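Report on the following structure.
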Amino acid sequence: MVVDGLVCGAITSAALGAVLSALAGYQVPDFADMDPVIGLGGSMAAAIGAAAVIAVVRVRGSWPRTHVVVPLILLPLVIAPLVLGLERNRLEAGLLFGAAAFAVHLSLGRRLAVAGIAVTVVVAGLATWGCQDRWRAQKFEAVGVPLYVPEVPGYRLAAVWAGRWSVAQTLTTPGGARLDVQLLAATDELACGPGRPERQVLAALGSPSRLGICLPGGGTMIVRPAAEQLTVRQVNGATLAAYPDSATAFEPD
């Protein structure tokens, strides 16, 4: 029974790892995000494939046939939340749910199997929820740009967003005024380096002018509209992870 559970657990875990490896490292929901399609379609295909392999590989004649059902339920149940809204870290999610797959398969055919499976599902779910803030923080740090927040009198940081190569921030006032901020590794509009101005007003046709700021560490900050009395404060991913996603953020061309 143990051997059956280990073999079937390895098959299900391998299928899960294959789907996770096909996804982007972190959840970045935007117009170009194909992870929901890849994740949902891939999880179904991998689940069917794993179930077929388990059905063929019979370690012993007495193995519980319910092993076949596990990947068909577990893979979509795991992958769907990770591509439809929850934060993720592919490696850690793979280790967490791979262990859960082994635990479920090893529970089959034993006394109190239902209780063991229920405990496994609850523990894995709570662990995923508990990792959300840390995985979200890692997402901001994974973008690869220096993380800074502008400080402007009367404005407060209201929302943030981590893209694939930029970080967006929204600052608002109680009266409804708004500043849109983008953190980039570099931009052709603003030349940074020795002997060049640290800040420059960037004109934009048909829209308010923007303020470009050269950040320590080689990054740039674009603030729209250009704001006076602006200072910058360095932060980390955990600081930004405490704010909600910006619904109007976009990845610059």
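Scanning the range 106-124 for residues that are of a type in the set (A, V, I, L, M), in a helix (DSSP H, G or I) and open to solvent by less than 30 Å² (accessible area, probe 1.4 Å) gives A113, A124.
Looking only at residues in the range 1-22 that are modelled with pLDDT under 90 and not small (G, A, S), which one is least open to solvent (accessible area, probe 1.4 Å)?
D4
Hey, among the residues in the range 87-105 that are open to solvent by 50 Å² or more (accessible area, probe 1.4 Å) and not charged (D, E, K, R), which one's nearest to the chain's Cα centre (by Cα)? Selected residue: L91. For the range 191-211, enumerate the residues that are modelled with pLDDT under 85, surrounded by 15 or more Cβ atoms within 10 Å (Cβ to Cβ) and hydrophobic (A, V, I, L, M, F, W, C). The answer is C192, L202. Going through (1) touching a residue at least 40 places away in the same chain (Cβ under 8 Å); (2) surrounded by 14 or more Cβ atoms within 10 Å (Cβ to Cβ) one by one, C214 falls short only on (1). Just so you know, in the range 217-226 the residues that are open to solvent by 20 Å² or more (accessible area, probe 1.4 Å) and in contact with a strand residue (DSSP E or B) (Cβ under 9 Å, 6 or more places away or on another chain) include one that is nearest to K139 (Cα to Cα), and it is G217. Restricting attention to the range 23-63 and to residues that are surrounded by 13 or more Cβ atoms within 10 Å (Cβ to Cβ) and charged (D, E, K, R), the residue that is nearest to G144 (Cα to Cα) turns out to be D33.
Please go through the range 200-253 and give me each residue that is more than 27 Å from the chain's Cα centre (by Cα) and part of a strand (DSSP E or B), ordered by number. Matches in the range 200-253: Q200, V201, L202, R210, L211, G212, I213, C214, T231.
Report the residue count in the range 54-102 for those that are assigned to a helix (DSSP H, G or I) and of a type in the set (D, E). Matching residues across the range 54-102 total 1.
Considering each residue of the range 60-81 in turn, none proves to be closer than 30 Å to F250 by Cβ, in contact with an Asp or Glu (Cβ under 7 Å, 6 or more places away or on another chain), touching a residue at least 60 places away in the same chain (Cβ under 8 Å) and of a type outside the set (S, T, N, Q).
The values are calculated or read from the model by the stated rules, or taken from the named source; none is laboratory data. Keep in mind the model is a prediction, meaning the values are calculated, not measured. Because the Cβ atoms are built from the backbone with ideal geometry, glycine has one as well, and the counts that use them run over all protein chains shown. For the accessible areas, the whole protein counts, side chains as well, though only heavy atoms, and no ligand, DNA or RNA atoms are used. Shrake-Rupley method; radii C 1.70, N 1.55, O 1.52, S 1.80 Å.
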